[in-house]
1. For the subset of the stretch B:36-56 comprising residues that are loosely packed, with under 14 Cβ neighbours inside 10 Å and within 14 Å of chain A (Cβ to nearest Cβ), which member is modelled with the highest pLDDT?
2. Looking at A:ILE3, A:ILE24, can you tell me which residue is touching a strand residue (DSSP E or B) at 6+ places or on another chain (Cβ under 6 Å) and closer than 14 Å to A:ALA52 by Cβ?
3. Kindly establish whether A:ASP25 is under 27 Å from B:GLY82 (Cα atoms), open to solvent by 70 Å² or more (accessible area, probe 1.4 Å) and not basic (Lys, Arg).
4. Against the definition (away from chain B (no Cβ under 11 Å), among the polar types (S, T, N, Q) and within 13 Å of the chain's Cα centre (by Cα)), how does A:GLN10 come out, yes or no?
5. Give me a count of the residues in the stretch B:66-81 that are over 30 Å from A:ILE5 (Cα atoms) and surrounded by fewer than 22 Cβ atoms within 10 Å (Cβ to Cβ).
6. Looking only at the stretch B:12-35, how many residues end up being out of contact with any helix residue (DSSP H, G or I) (no Cβ under 9 Å at 6 or more places or on another chain) and closer than 19 Å to A:GLY78 by Cβ?
7. Can you tell me how many residues in the stretch A:31-65 are of a type in the set (A, V, I, L, M, F, W, C), touching a residue at least 60 places away in the same chain (Cβ under 8 Å) and surrounded by fewer than 16 Cβ atoms within 10 Å (Cβ to Cβ)?
8. Among the residues of the stretch B:131-150, is there at least one that is within 14 Å of chain A (Cβ to nearest Cβ), at pLDDT 95 or above and open to solvent by less than 20 Å² (accessible area, probe 1.4 Å)?
Amino acid sequence: MQIHILYFAQLADLAGKTEESRSIDHNSPAELYANLKQSYNFPYEFKHLQVAINHQLSAHSTELKDGDSIAFLPPMTGG
Amino acid sequence: MNFSLTDQAIEPTSLRRKLLSLSAGAYCSYEGWVRNHNEGKIVKELHYSGYPQLAPSIANTILKEAKEKFHIEDAAVVHRTGALTTGDIAVWVGVTAHHRGDTFLACRYIIDNVKHRLPIWKKEIYADDTQAWIESNHCGCADPKNLEHPHQTHP
């Protein structure tokens, strides 16, 4: 299935992009992040990130569906 | 909706005007400024990156919580994105209430939660042109759990 990924902050810098689409053969955010972590040398562990699916905060265990948009959110540092 | 992300300079005077109410006896605001140093380094710019499709719902949840926890009339938050230089206002919070006590408590509750929960990230650009994403807010914040209103009785 096709997944759209959004990158923010350090993850965007390391990926060299703010978004991309990928074809994946599973529905697990954890597995997707593990692959991205390896591709881009992301420093964070999955458990330290929040997950947003279709622009809503979602549980780490939420299963992805074809066409979903997902973002892995580093600890927030506004203000 | 009393929240916005903006890449334009924050103007507290006009934002304050939007909160004016004849039934409010108190107004409290917070301005987060870009300072010229952090942890021993000279800071010349801050770059804020936000998630505009998610930030409004988080901000409105925080504002709703503040209205439930404290006796306030209204509250608003504006956060900058993009490149800011020293002295710029990065974030503004305004709160009105019948009495001053709740404005202070609610204002602090809102800014502390904005710093930890709003999907915005801060990169510091230093005088030597190195840069770093800030990984946590060492801001002297109170634990939001300790900011419950001492006389909270209303829903």
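The values are calculated or read from the model by the stated rules, or taken from the named source; none is laboratory data. Worth saying up front: this structure is predicted, and the values here are computed from it rather than measured. Note that each Cβ is placed from the backbone with ideal geometry, even for glycine, and that neighbours are counted across all protein chains shown. Please note that ligands, DNA and RNA were not included when accessible areas were found on the heavy atoms of the full protein model with its side chains. Shrake-Rupley method; radii C 1.70, N 1.55, O 1.52, S 1.80 Å.
1. Residue satisfying both the conditions and the ranking: B:PRO52.
2. Going through A:ILE3, A:ILE24 in turn, the sole match is A:ILE3.
3. Spelling it out, it is not the case that A:ASP25 is under 27 Å from B:GLY82 (Cα atoms), open to solvent by 70 Å² or more (accessible area, probe 1.4 Å) and not basic (Lys, Arg).
4. no
5. The number of residues fulfilling the criteria is 7.
6. Going through the stretch B:12-35, the residues out of contact with any helix residue (DSSP H, G or I) (no Cβ under 9 Å at 6 or more places or on another chain) turn out to be B:12-23, B:33-35.
Next, only the ones that are closer than 19 Å to A:GLY78 by Cβ stay: B:12, B:15, B:33-35.
Final tally of qualifying residues: 5.
7. As a first pass, look at the stretch A:31-65 and keep what is of a type in the set (A, V, I, L, M, F, W, C): A:32, A:34, A:36, A:42, A:46, A:49, A:51-53, A:57, A:59, A:64.
Imposing the further condition that a residue be touching a residue at least 60 places away in the same chain (Cβ under 8 Å) reduces the set to A:64.
Within this subset, residues satisfying the condition of being surrounded by fewer than 16 Cβ atoms within 10 Å (Cβ to Cβ) are none.
The qualifying residues number 0.
8. no
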